[in-house]
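Beneath this line is the structure, given in structure tokens, with notes to follow.
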Amino acid sequence: MVASCVLLAGCSAAGEQFDPPADTGEVLTGAGGGSASGGWASSSGLSDDPGEVGGGWPSGKLGPPYPIVLAHGFFGFEDFAGAGYVSYFYNLKEALAEGGETVFTPAVDPFNSSEVRGAQLLARIEQILDATGHEKVNIIAHSQGGLDARVVAHDRPDLVASIVTVATPHLGSKVADVALELVAHERLQDILDDLINAIGAPLYDQIGNETSVFAALEQFSTPGIAEFNARFTDAPGVFYASFGGRTNRARGGRDCTTLTPAPFVAQFDDGLDPVHPLLLLTETLLDGGIGESFPNDGLVRARDARWGDFWGCIPADHFDEIGQLFGQSPGDGNPWLYIDFYRSVIARLRQEGF
């Protein structure tokens, strides 16, 4: 069971620091091309016209292009044991910053429900907006981070321009159903939560006494995600888009078809991803077997990742989607380039006016 949790492991390296409000004791990290005040330069320079890029809104805040927030998934953290060089979105923040983007990687509880994690993410986004002077952010989220982002948008839609999710289990994951069946006794669940805290506390300063692996797994389960979706509905005025992943050399099929494909995904259409050995068991579980094949990334089925405008499937397993493990190649014959993918996602958001 612990091994299944580690499958989503990642961490986030520290970058430029912004001092948070004195009562939080938290640190935000960001990188990128915004000025100290959060202003953005266009070809004609900064503008005071609310209708132009970089200008102020009637609220007095800065309008689009909005900062990018990368929301991590289950088991994500900000600085693993103080290492400072391994990132959940591997080297992505730095690569995007080189292109002039202002990017933040706020950390939330690595193991908890999205109700808890979403409240933490909201607090960090409020700090980001205070630091940059912008009115809203764009959230690009991986895995559970997408559910956290939906909580933020539901509770404070005025702070979120768009949410793009990658392999988020919007309709749950069969992996969680099976895991909960394997450890069905409540006492065993408490023991595992205690074990995670004992192991994790020396490594992740985000972990507290309330951390719970099972709060997350219960949310990913079939009944748990139904309750979540009924409660955290989409917010009017917020743009939602999503991607699914396909691995084990699957081509996708019906679950990956869409009426609103992202053009930049087409360059990867012929890519076939060999599944990472650590995900082989769960990929087989999700695939469904002979005669009933469901494209998935090893942890989330493509059909369960669809939300808002579905922009298609990418040839990547749950690790490849964020450049893990440690930036290694996605596999022989797979043209997948995760940094180019995220650059294209942001370019598309800019075209949409975000």
Once both label points are put 7 Å beyond Cα along the C-beta direction, the T284-R254 separation in nm becomes 2.6 nm
Could you tell me what fraction of 2.2 N^0.38 Å the Cα radius of gyration of the range 236-291 comes to, as a two-decimal ratio?
1.37
Compare the peptides 307-315, 268-276 by average per-residue count of other Cβ atoms within 10 angstrom and give them in order, highest first.
307-315, 268-276
Classify the range 99-180 from the C-alpha gyration tensor, please: rounded if a/c falls under 1.5, else prolate or oblate depending on whether a/b exceeds b/c.
prolate
List every residue whose amide H lies under 5 Å from the amide H of Q144, counting only residues 5 or more places away in sequence or on a different chain, with H placed 1.01 Å from N in the peptide plane.
F74
If you wrap a convex hull around the Cα atoms of the range 234-333, how much volume per residue is inside, in Å³?
117 Å³
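Any read-out appearing in this document is the output of simple, stated calculations on the displayed coordinates, not a laboratory observation. Please read these numbers as outputs of a predicted model, since none were measured by experiment. Neighbour counts run over all protein chains shown; Cβ positions are idealised from the backbone, glycine included.
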